[in-house]
1. Please order 122, 100, 154 by the number of other Cβ within 10 Å, starting at the fewest.
2. Can you give the FRET efficiency to the nearest 0.05 for residue 21 and residue 186, using r as the Cβ-Cβ distance and R₀ = 41 Å?
3. Mind ranking 52-60, 172-180 by how tightly packed they are, going by the mean number of other C-beta atoms within 10 angstrom, highest first?
4. Can you compute the label reach from residue 178? Point 7 Å from Cα along the Cβ direction, backbone N cut-off under 16 Å, restricted to the range 147-169.
5. At what distance in angstrom do the alpha carbon centres of the range 140-216 and the range 60-112 lie from each other?
6. Given a Förster distance of 25 Å, report the FRET efficiency between residue 12 and residue 43 from their Cβ-Cβ distance, rounded to the nearest 0.05.
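Quick note: the coordinates plus some simple rules give every number you see, no bench work behind them. Fair warning: this is a prediction, and the values are worked out from it, not measured in the lab. Note that each Cβ is placed from the backbone with ideal geometry, even for glycine, and that neighbours are counted across all protein chains shown.
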């Protein structure tokens, strides 16, 4: 990775929360230390009004999903691969009473540009660095530390990637858009995302409801526990009316079935 992100690159990424310099920040690699992660999530919960560290962990992954958005935006629109090692990423800390929408910076802004040969293999390398080496370890760690299901955390990532390709890049004529989106939801092997047999993103993709053009989630992300209404895409919105799901802490029927299928088919290599 010899090239450096230029100012015009950064301006394109800024809407996805990437800046050359951020405010008071922390290094993401520190979250892999259990004691640091617990203390961090306790402080985050207090700052954003989350009732538990478990809820805060889900909200964190929703914010961290922009790492995936930034990475795949760079790959698809510019054939660029960023340095996304955990210790290269800085995120702004939360401030009490202010919505936590953290800016992100890279200590080393070097990039690798596609060399024009076998883009499929190069794309797999982007995926390994982003998902298997970055996002997967965090999700695994959070599940064990905060008892929040991987299904919720992966869907928190997936919904932003669907938004990137279906909304942000919907009018982009670059042929990589259609090809890369198809690869994400249909072709990418499970091992590119971590210790998986199956692609953990694929299960969350479905056709949008035709009347309202939204895709219902399979899991509840707990955002409503911050004192807001349930998301219009939350599966518990409809189920709660039937007395099935009250607080989002327990999976409703569809998510429970998804969890069982995951246990049977996903089979992580232990």
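1. Details: 122 17, 100 20, 154 26.
Fewest-to-most Cβ neighbours within 10 Å comes out as 122, 100, 154.
2. Numbers: r = 38 Å, r/R0 = 0.94.
For residue 21 and residue 186, the calculated efficiency is 0.60.
3. Numbers: 52-60: 24.3, 172-180: 14.1.
Listed from highest to lowest mean packing, they are 52-60, 172-180.
4. Within reach of a label on residue 178: 165-167, 169.
5. For the range 140-216 versus the range 60-112, the Cα centre distance is 17 Å.
6. Numbers: r = 32 Å, r/R0 = 1.29.
Given R0 = 25 Å and the Cβ-Cβ separation, E is 0.20.
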